[in-house]
Amino acid sequence: MASVDNFSTILVLRQLARRRSIHRGNLPQCIETDAEGADADADDVDAIIYAWKDKTITYKDIIATIISILMRVIAVLLNVKLAVEYYQQGEHNYFIWTVVCLIAPMCVTALIYAKMYWNSLIYSVKCKHSELQSDREQQLEYYRLTIREESDVALIRLIECFMETAPQKILLMSIMLMQQNQITGTQIWSVLLYLINVPWTLGSYNRCIRAAQANKNKLSYWYMAPHLCWHFCISVSRTLCITFVAMLFPIWMIVACVLHAIIMGFVTFIVERPHFSNIAFHNFLFSIALGFVYLFIYIPVKEAPTRYKYAIYYISCSLENIICVLLFIGYAPVSLKQSTALFYILCSLAISFYYVGILCMCIYYRHFHPNVKARRNINTNTN
């Protein structure tokens with residue numbers, strides 16, 4: 001009976017692999033990897049079968065999906081509570097800006113989320129149920145559906161994190177630095193949730209992209225730590241620097257961010273050519289959306305050498321950060337400068353977080369990158 005089951009599993013895997021639904025279709029359309037290319041021949045199919053034969057959904061994956069849903073709901077509720085508090089305090093300008101930052105980006109992502117999150121959770125539960133029932137064919141099918149949904153969700157969550165959540169927190173932190181009233185618990189919890197959401201979103205994105213490719217295994221938490229620390233520190237530094245200028249020159253900061261996003265998006269569209277849709281204009285709009293993400297972090301959309309791209313991006317952002325901090329030092333309100341310790345701690349954090357992130361990037365590529373790990377394993381086996 002076991003040999004029959006194994007033969008059935010092989011047939012199913014061959015069928016799925018030849019349709020390339022596993023090999024390529026599970027990734028977000030805009031993400032291109034070295035797995036793409038011509039249709040798989042017999043040797044490629046056998047390699048894919050071997051790589052995918054032990055893939056399944058774990059209880060951790062299901063819990064992670066539930067946590068992502070809860071974090072999204074809590075974030076929205078906190079923002080609504082903040083808007084209500086500003087209205088009750090008579091801070092109508094803060095109320096209006098909070099509502100605008102809440103509703104405008106959320107209108108784009110909310111409808112997509114509602115379907116994708118639910119499907120991802122249902123498919124992962126069905127995959128686990130099929131595994132417990134020893135139904136290998138259904139397990140593989142639901143695993144394929146799960147990672148396809150989660151890859152799309154992870155990409156959209158990444159864009160949402162920096163197009164919706166980050167602007168809200170920049171507004172919130174600007175208000176916290178300028179307001180005369182005491183900082184509320186809702187404001188503190190909202191900022192803390194953002195700080196948790198950034199590494200969580202980045203980790204989910206990295207995990208889903210790797211899970212969607214048969215030739216890439218999951219990285220351990222030890223190997224993911226410097227990667228998450230890298231992007232977390234960079235994004236926090238960028239958020240602080242933008243907050244500094246936003247509280248001083250809000251209109252000019254909006255203009256600068258929009259121009260930055262358009263330029264980065266246009267360059268991405270010309271150089272990277274992300275394939276989000278068969279319609280060129282949709283691909284251009286997607287590139288502009290990535291441009292807003294690039295205000296905070298850089299995410300390659302193609303699996304290709306990134307050394308020079310990172311160098312140009314991080315040198316440019318470093319100069320921007322220095323300018324933002326200098327403007328903050330020169331034009332910050334007197335009331336804030338009077339709190340000398342807080343003032344200089346904020347300036348120091350904005351700069352130091354950035355270079356700690358750069359250091360983590362160097363450590364990651366030097367010791368923890370999957371290619372380094374693979375070479376190390378090859379050398380070990382050879383010796």
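Figures for the structure shown
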read-out: Segment 61-79 and segment 266-286: distance between their alpha carbon centers, rounded to Å; value: 30
read-out: Efficiency of FRET between Tyr344 and Tyr59 - r from beta-carbon atoms, R0 51 angstrom, step 0.05; value: 0.65
read-out: Segment Leu327-Val267, extension gain: residue separation times 0.36 nm, minus the distance between their alpha carbons; value: 18.8 nm
read-out: Net charge, Ser237 excluded, C-beta distance under 14 Å - Lys, Arg +1, Asp, Glu -1; value: +1
read-out: Inter-label distance for Gln133 and Ile196, nm, one decimal - labels placed 7 Å from Cα along Cα-to-Cβ; value: 3.5
read-out: Sites Val255 and Thr306, calculated FRET efficiency, Cβ-Cβ separation with R0 30 Å, nearest 0.05; value: 0.55
read-out: Cα→Cβ-extended label distance, 7 Å offset, between Leu336 and His369, nm; value: 3.8
read-out: For segment 255-377, accessible area per residue (1.4 Å probe, heavy atoms of protein chains only), Å²; value: 56
read-out: Mean Cβ count within 10 Å, highest first, over the residues of peptides 242-248, 172-178; value: 242-248, 172-178
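The values are calculated or read from the model by the stated rules, or taken from the named source; none is laboratory data. Keep in mind it's a predicted model, so treat the numbers as computed, not measured. With ideal geometry, Cβ positions are generated from the backbone for all residues, glycine too; neighbour counts draw on all protein chains shown. Note: accessible area is taken over every heavy atom of the protein model, side chains too, but ligands, DNA and RNA are not part of it. Shrake-Rupley method; radii C 1.70, N 1.55, O 1.52, S 1.80 Å.
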